[in-house]
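**Q** This is the structure, below, for whatever I ask next.
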Amino acid sequence: MNSGFRLDQWVSQRRAEVDQLLNQRLPQTPRADDPGRLVESVRYSLLSPGKRLRPLLGLAAAEAVGGRLDEPVRVATVAIELVHCYSLVHDDLPAMDNDDLRRGRPTNHKVFGDAVAILAGDALLTLAFAWLSEAGMQACQHDASRAASFLEASFVLAEASGLSGMVRGQARDLAEAAPTTLAQAEQLHAEKTGALFRAAVEIGAIVGGATAAQRAALVRFGQAYGVAFQHADDLADQEHASLAEQARGRLTDLASQAARELEGFGDAAIPLQALALALAAQP
Ligand code: GRG
């Protein structure tokens, strides 16, 4: 890897750009015109200090395939953060995880009530697809050949978020006993959190103009990254403690496997590679 590359600088610059785009694009409705404080509730959760990992991965994937990070590409990658944020707001509700704190602040339903939190999640999910479609329409005005890539990106996001991905994983988590084997844990990780990470990388690849071979390698990268992320998160939170030792080994293997998928990409993939290696470097 290029020893001059500073992941911390890359992350803080891109994260600031993502935060700015989110802030600018969200409605800024005055209180008097915000029934039920719904817009305030959406802004509260979306603009709270998240790591913005999914947009960062999408941007790094677009960069890896030589894509221009123009406005439509940026909007497509931040749309994934809206889906992620909706899942957190709903996951925190009393009917699910019943959490009081998220990103260091009271959870959405603690501030705005359960009903508004449900609606905020609904609004975030639908807004994600509105932004993605709008980005596609904007890209088409300059280059009609880009239309299909945004359409495909919408499909990838929908599949990863719903019945074949995150929502299915959440249902599995609620319905089944805690995993007792690494294989069971990884199936849950791949659906519940991995699917959205994989989609983030794939969407970056698609809207960045990847070849079929680049896209396939980046999908494999995203799959490995997603499961590795959840192992890292579980290890940090001491979840599934009986699997901790195996999970630690798998985390290292998956992060290296993800990084190896990028071997043919050259220097353009340095940020993406560094994001994968950083996962395994956590204490
Ligand atoms: C409610 C449909 C529905 C799905 C919920 C992803 C999920 C499914 C629930 C989140 C529960 C959770 C905390 C899982 C652990 C892994 C995870 C997704 C952590 C949060 O992601 P980060 O670390 O969070 O990227 P920030 O706040 O930085 O965005």
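**Q** Given the condition within 29 Å of residue 275 (Cα to Cα) and assigned to a helix (DSSP H, G or I), answer yes or no: does some residue in segment 24-36 qualify? I'd like the intermediate steps shown before the answer.
**A** Pass one, segment 24-36, residues within 29 Å of residue 275 (Cα to Cα): 24-26.
Within this subset, residues satisfying the condition of being assigned to a helix (DSSP H, G or I) are 24-25.
Yes - at least one qualifying residue is present in segment 24-36.
**Q** Identify, from the list 60, 95, the residue that is farther than 17 Å from residue 135 by Cβ and open to solvent by less than 50 Å² (accessible area, probe 1.4 Å).
**A** None of the other options fit; the residue is 60.
**Q** Being under 20 Å from residue 54 (Cβ atoms), open to solvent by 30 Å² or more (accessible area, probe 1.4 Å) and of a type in the set (A, V, I, L, M) narrows it down to one of 232, 212, 268, 258, so name that one.
**A** 268
**Q** Could you check segment 62-113 and list, in sequence order, the residues that are of a type in the set (Ser, Thr, Tyr) and part of a helix (DSSP H, G or I)?
**A** So in segment 62-113, the residues of a type in the set (Ser, Thr, Tyr) come out as 77, 86-87, 107.
Hits for segment 62-113 are 77, 86, 87.
**Q** Would you point out the residue of segment 159-187, among those that are surrounded by fewer than 18 Cβ atoms within 10 Å (Cβ to Cβ) and among the small types (Gly, Ala, Ser), that is farthest from residue 244 (Cα to Cα)?
**A** 162
**Q** Only one of (1) modelled with pLDDT of 95 or more; (2) of a type in the set (Ser, Thr, Tyr); (3) surrounded by fewer than 21 Cβ atoms within 10 Å (Cβ to Cβ) fails for residue 145. Which number is that?
**A** Evaluating residue 145 over (1) modelled with pLDDT of 95 or more; (2) of a type in the set (Ser, Thr, Tyr); (3) surrounded by fewer than 21 Cβ atoms within 10 Å (Cβ to Cβ) leaves (1) as the failure.
**Q** Would you check if there is a residue in segment 124-139 being touching a residue at least 40 places away in the same chain (Cβ under 8 Å), closer than 23 Å to residue 40 by Cα and within 12 Å of the ligand (Cβ to nearest atom)?
**A** There is at least one residue in segment 124-139 that is touching a residue at least 40 places away in the same chain (Cβ under 8 Å), closer than 23 Å to residue 40 by Cα and within 12 Å of the ligand (Cβ to nearest atom).
**Q** Residues of segment 208-247 being more than 30 Å from residue 151 (Cβ to Cβ), within 16 Å of the ligand (Cβ to nearest atom) and hydroxyl-bearing (Ser, Thr, Tyr), which ones?
**A** Across segment 208-247, there are no qualifying residues.
**Q** Failed condition for residue 249, given (1) surrounded by 18 or more Cβ atoms within 10 Å (Cβ to Cβ); (2) free of Cβ contacts under 8 Å to residues at least 24 places away in the same chain, with all others met?
**A** (1)
**Q** Taking residue 116 and the conditions (1) within 12 Å of the ligand (Cβ to nearest atom); (2) farther than 18 Å from residue 18 by Cβ; (3) touching a helix residue (DSSP H, G or I) at 6+ places or on another chain (Cβ under 7 Å); (4) part of a helix (DSSP H, G or I), which numbered condition does it fall short on, given that it satisfies the others?
**A** Unmet condition: (1).
**Q** For a quick check of your reading of the model, give me the residue pairs whose first member lies in segment 75-88 and is among the β-branched types (Val, Ile, Thr), whose second is outside any helix (DSSP H, G or I) and away from the ligand (no atom under 11 Å from the Cβ), with beta-carbon atoms closer than 9 Å and at least 6 apart or on different chains.
**A** Filtered contacts from segment 75-88: 77/69.
The values are calculated or read from the model by the stated rules, or taken from the named source; none is laboratory data. Computed from a predicted structure; not experimentally measured. Cβ coordinates were reconstructed from backbone atoms using ideal geometry, including for glycine residues, and neighbour counts include every protein chain displayed. Surface accessibility is based on the protein's heavy atoms, side chains included, excluding ligands, DNA and RNA. Shrake-Rupley method; radii C 1.70, N 1.55, O 1.52, S 1.80 Å.
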